[in-house]
Amino acid sequence: MDKKILTIQDISCFGQCSLTVALPILSASGIETAVLPSAVLSNHTAFSEFTFCDLNDQMPSIRNSWENQKISFSAVYTGYLGNAKQIDFVKDIMQSRLDAAGVKIVDPAMADLGKLYTGFDEAYVEKMKELCGIADIILPNITEACLLTGIPYKDSFDKDFVEKLISALKDRFKAKIVLTGVGVKNGTTGVAVFDGACTQYYEHTKIGLGSHGTGDVYASAFTGAFMHGKTIFEAAKIAADFTVLCIKATEPEHWYGVRFEKCLPDLYNMLK
Ligand code: PXL
């Protein structure tokens, strides 16, 4: 039977992030994708102002309607969620609407560069630990890994620090781990992947100082490649190569997102 992914994250109407990135990338990966918007924002929260309306009232009705119609999914992939209450909805949807061998992929999208995104607090971090606790695969960046494990954040770090983070994540969560933003040498970044048996690294050149929306591009491409049948490590490499192409296709003045649209044909070719 063909696979179906459900992705749960916000719609930032403008700003190349969350659902406006995930849906085209997952579709380009050849997988049928359903969406459950967690919130509607005028644009993402790194802009100087934004509107925000969570869909807390709608989410349980949508879930019930799917249950009545026996609609279920081969994977649930979550990104930015509007608030802590939604984590309970997501856990319930994962329990009720996933097929027996369904995969739970959680990007704990809540922080970067040592700081929580606007609107999130310690209570949200605690709830996110619960969601990561039931996930099969988690994709934290270094800041999120620190928040999930209680290890203080550092903006420059070495391989020992990365190993310490991976080991703390392994102790706390049963999930396989794709840790992003792992640059232990000057001018490089990459990912550390724990696939349940061993940890492998994939390193690539670092371009710029980090762009908005790249976490969503990365997690969406990873999910698309993994559901396409790649191993966790292969999917992590494809997602890294694709994200680098997207950053290279983006002029520095284009600050709020990356021009992933130009690179969708490359993703399609990488998955062939
Ligand atoms: O890219 C992560 C993200 C998604 N959605 C919203 C955000 C952010 C990051 O700031 O604000 C609304």
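The values are calculated or read from the model by the stated rules, or taken from the named source; none is laboratory data. Here the structure is a predicted model, which means the values were calculated and not measured. Positions of Cβ are backbone-derived with ideal geometry, glycine not excepted, and every protein chain shown enters the neighbour counts. Protein only, heavy atoms only, side chains kept; ligands, DNA and RNA dropped before computing areas. Shrake-Rupley method; radii C 1.70, N 1.55, O 1.52, S 1.80 Å.
Quick check on this structure: which one of ALA236, ALA225 is more than 19 Å from THR205 (Cβ to Cβ) and under 16 Å from the mean Cα position of the chain (by Cα)?
ALA225
Which residues, taken from the stretch 168-199, are open to solvent by 50 Å² or more (accessible area, probe 1.4 Å) and closer than 18 Å to PRO108 by Cβ?
Hits for the stretch 168-199 are LYS170, ASP171, ARG172, LYS174, LYS176.
Given the conditions (1) in a strand (DSSP E or B); (2) buried (at least 24 other Cβ atoms within 10 Å of the Cβ); (3) of a type outside the set (Asp, Glu), and given that ALA221 satisfies all but one, which numbered condition is not satisfied?
(1) is the only condition that ALA221 fails.
Residues of the stretch 146-164 being farther than 12 Å from LYS115 by Cα and either surrounded by fewer than 13 Cβ atoms within 10 Å (Cβ to Cβ) or touching a residue at least 24 places away in the same chain (Cβ under 8 Å) (or both), which ones?
Answer for the stretch 146-164, where residues must be farther than 12 Å from LYS115 by Cα and either surrounded by fewer than 13 Cβ atoms within 10 Å (Cβ to Cβ) or touching a residue at least 24 places away in the same chain (Cβ under 8 Å) (or both): LEU148, GLY150, SER156, PHE157, ASP158, LYS159, ASP160, VAL162, GLU163.
Can you tell me how many residues in the stretch 1-35 are more than 13 Å from the ligand (Cβ to nearest atom), open to solvent by less than 20 Å² (accessible area, probe 1.4 Å) and among the small types (Gly, Ala, Ser)?
The qualifying residues number 1.
Taking SER38, is it under 18 Å from ALA240 (Cα atoms), near the ligand (Cβ under 10 Å from one of its atoms) and hydroxyl-bearing (Ser, Thr, Tyr)?
no
Just the residues that are of a type outside the set (D, E, K, R) and open to solvent by 20 Å² or more (accessible area, probe 1.4 Å), please, taken from the stretch 255-272.
Listed by number, the residues that qualify are TRP255, TYR256, LEU264, PRO265, TYR268, ASN269, MET270.
Does the stretch 200-214 contain at least one residue that is open to solvent by 50 Å² or more (accessible area, probe 1.4 Å), assigned to a loop (DSSP other than H, G, I, E, B), modelled with pLDDT under 95 and acidic (Asp, Glu)? I'd like the intermediate steps shown before the answer.
Narrowing the stretch 200-214 to residues open to solvent by 50 Å² or more (accessible area, probe 1.4 Å): 200-203, 205-210, 212.
From what's left, assigned to a loop (DSSP other than H, G, I, E, B): 206-210, 212.
Those still in the list that are modelled with pLDDT under 95 too: 206-210, 212.
Next, only the ones that are acidic (Asp, Glu) stay: none.
Looking for residues that are open to solvent by 50 Å² or more (accessible area, probe 1.4 Å), assigned to a loop (DSSP other than H, G, I, E, B), modelled with pLDDT under 95 and acidic (Asp, Glu), one finds none in the stretch 200-214, hence no.
Matching residues to (1) touching a helix residue (DSSP H, G or I) at 6+ places or on another chain (Cβ under 9 Å); (2) under 22 Å from SER211 (Cβ atoms):
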site: SER12; (1), (2): yes, yes
site: PRO60; (1), (2): yes, no
site: LYS70; (1), (2): no, no
site: ASP88; (1), (2): yes, no
site: ILE93; (1), (2): yes, no
site: ARG97; (1), (2): yes, no
site: ALA100; (1), (2): no, no
site: ALA109; (1), (2): yes, yes
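Please find, within the stretch 36-48, the residue that is least open to solvent (accessible area, probe 1.4 Å) out of those that are polar (S, T, N, Q) and in contact with a strand residue (DSSP E or B) (Cβ under 9 Å, 6 or more places away or on another chain). First the steps, then the outcome.
Keep residues of the stretch 36-48 that are polar (S, T, N, Q), which gives 38, 42-43, 45, 48.
Narrowing the set further to residues that are in contact with a strand residue (DSSP E or B) (Cβ under 9 Å, 6 or more places away or on another chain) leaves 38, 42-43, 45.
Numbers: SER38: 0, SER42: 36, ASN43: 23, THR45: 24 Å².
So the residue we want is SER38.
Any residue in the stretch 1-21 that is outside any strand (DSSP E or B) sitting within a Cβ distance under 9 Å of a residue that is of a type in the set (Phe, Trp, Tyr) and more than 10 Å from the ligand (Cβ to nearest atom)? List the pairs, counting only those 6 or more apart or interchain.
Here the result reads LYS3/PHE73; GLN16/PHE260; THR20/PHE14; VAL21/PHE260, each pair linking the stretch 1-21 to a residue that is of a type in the set (Phe, Trp, Tyr) and more than 10 Å from the ligand (Cβ to nearest atom).
Out of the strands (runs of 3 or more DSSP E) lying entirely within the stretch 49-122, which hold 1 or more residues that are in contact with an Asp or Glu (Cβ under 7 Å, 6 or more places away or on another chain) and open to solvent by less than 40 Å² (accessible area, probe 1.4 Å)?
73-78, 98-106
What number goes with the only condition from (1) open to solvent by less than 40 Å² (accessible area, probe 1.4 Å); (2) within 16 Å of the ligand (Cβ to nearest atom) that CYS132 does not pass?
(2)
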